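J.: Structure provided below as structure tokens; questions to follow.
The values are calculated or read from the model by the stated rules, or taken from the named source; none is laboratory data. This structure is a prediction, so every number in the text was calculated from the model and none was measured. Cβ: placed from backbone, ideal geometry, glycine included. Neighbour counts: every protein chain shown. Remember, those area values only see protein heavy atoms, side chains included, never the ligands or the DNA or RNA. Shrake-Rupley method; radii C 1.70, N 1.55, O 1.52, S 1.80 Å.
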Amino acid sequence: MPIAVAGGLVAARTEAILDGLYIIRTSMPAVQMDAPQCVRNYKSLSNVERAFRSLKTIDLKVRPIHQPPG
């Protein structure tokens, strides 16, 4: 028995074409940031997020130290 898809078979095929792909949208003009540069910038965000996570975990083994004034 076929599966009913909202939007029809064409919509389902269109979605299938995009499976496994990222679509990155930016407000930057293409003259300032082309498509490959946009993808690189998006992927570099994972490095920033990883670094931020490591600050919040025991990776750095740091703690705040109170320094009294004077």
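J.: Compute the signed sum of charges (Lys and Arg +1, Asp and Glu -1) over the other residues within less than 12 Å, Cβ to Cβ, of Asn47.
T.: Taking every other residue near Asn47 into account, the sum is +3.
J.: While we're on this one: Accessible surface of Leu9 in the full protein assembly, 1.4 angstrom probe, to the nearest 10 Å²?
T.: For Leu9, the solvent-accessible surface is approximately 110 Å².
J.: What distance in nm separates the simple spin-label points at Ile65 and Ser27, each placed 7 Å from Cα in the Cβ direction?
T.: For Ile65 paired with Ser27, the spin-label model returns 4.3 nm.
J.: Got a sec to turn the phi values of the range 16-29 into Karplus ³J(HN,Hα) couplings, 6.51 cos²θ - 1.76 cosθ + 1.60 with θ = phi - 60°, whole Hz, x for Gly and Pro?
T.: Coupling constants for the range 16-29: 5, 4, 8, 4, x, 10, 9, 10, 10, 10, 9, 8, 6, x Hz.
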